[in-house]
Amino acid sequence: MEVLVVEFRIAPAHVDAFAAAIADNARASRETEPGCRRFDVCRDRADPQSFFLYELYDDEAAVAAHLAAPHFVAMSEMTASWVEAKRVQRFFRTAP
């Protein structure tokens, strides 16, 4: 299984809008992408500008389908100017 770990730092004026947009994206990913097994959206209690995503996909094809999904593309375009920093890490799951 393929794992994406994404960290965002969002401009203060857009934190609430980003929280709503990323939650909608996660829901749409889980509900409409057969290869998406998990999509957790997390936020730092001490730093509300800091978001952390944990995404689990069946394989590379499922990751590619996610990155091409209309809901992902629309959310990414809408929020691009709100993002102060973004870090994407890719892993493969070894257990369980």
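The values are calculated or read from the model by the stated rules, or taken from the named source; none is laboratory data. Since we're looking at a predicted model, the values are computed, not measured. So basically every Cβ, Gly included, is an ideal-geometry build from the backbone, and we count neighbours across all protein chains shown. Accessible surface areas use protein heavy atoms only, side chains included; no ligands, DNA or RNA. Shrake-Rupley method; radii C 1.70, N 1.55, O 1.52, S 1.80 Å.
Things to note:
- Taken over the stretch 66-96, the residue count meeting the criterion of being of a type in the set (V, I, T), in a helix (DSSP H, G or I) and farther than 17 Å from C36 by Cα is 1.
Yes or no, residue by residue, for (1) free of Cβ contacts under 8 Å to residues at least 40 places away in the same chain; (2) over 14 Å from E2 (Cα atoms); (3) not small (G, A, S):
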{"position": "R38", "(1), (2), (3)": "yes, no, yes"}
{"position": "A62", "(1), (2), (3)": "no, no, no"}
{"position": "V73", "(1), (2), (3)": "yes, yes, yes"}
{"position": "T79", "(1), (2), (3)": "no, yes, yes"}
{"position": "F91", "(1), (2), (3)": "no, no, yes"}
{"position": "P96", "(1), (2), (3)": "yes, no, yes"}
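- Residues of the stretch 24-36 satisfying the condition of being open to solvent by less than 50 Å² (accessible area, probe 1.4 Å) and without any contact (Cβ under 8 Å) to a residue 40 or more places away in the chain: A26, E33, G35, C36
- Looking across V41, V63, V5, one residue alone is outside any loop (DSSP other than H, G, I, E, B), open to solvent by less than 10 Å² (accessible area, probe 1.4 Å) and not small (G, A, S). It is V63.
- Hits in the stretch 8-23 (condition: among the β-branched types (V, I, T) and either surrounded by fewer than 19 Cβ atoms within 10 Å (Cβ to Cβ) or not in a helix (DSSP H, G or I) (or both)): I10, V15
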